[in-house]
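A.B. asks: Before I ask anything, let me first share the structure, which is written out below as structure tokens.
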Amino acid sequence: MRFSFSYNKGKVLQALRYHFIAQFEIRILFIVIILFDIISAVFYFSGKIRPDSPGAARPAVQRPISEASIRSMGRPAPDCQP
């Protein structure tokens, strides 16, 4: 037994778009994302936030450890004899 069918690709894609946009959760997600974008743009253009703000994650800077900081940790300095 052999079956065949045909479809209009444009109508199928439009139906799939409508199906997923009609989902309540997806609609709420779109609204939240758009609101976040608008609020971020307002803050950015008003100068309240910058891409290089102090709260941004930066790579850790390794600083040399001084003998005073080693002593404050309760350990003897490396050049001290026990």
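Only the coordinates and a few stated rules stand behind these numbers; no lab work does. Computed from a prediction, not measured in an experiment: that's the story for all the values here. We place every Cβ from the backbone using ideal geometry, glycine too, and count neighbours over all the protein chains shown.
A.B. asks: Can you give the translational diffusion coefficient of the stretch 7-49 in µm²/s, computed by Stokes-Einstein from the Kirkwood radius over Cα pairs at 20 °C and 1.002 mPa s?
C.D. replies: Numbers: Rh = 12.5 Å.
So the translational diffusion coefficient is about 171 µm²/s.
A.B. asks: Arranged by the count of other C-beta atoms within 10 angstrom, fewest first, what order do R2, R27 take? Mind dumping the intermediate values first?
C.D. replies: On the way: R2 3, R27 12.
In increasing order of surrounding Cβ atoms, one gets R2, R27.
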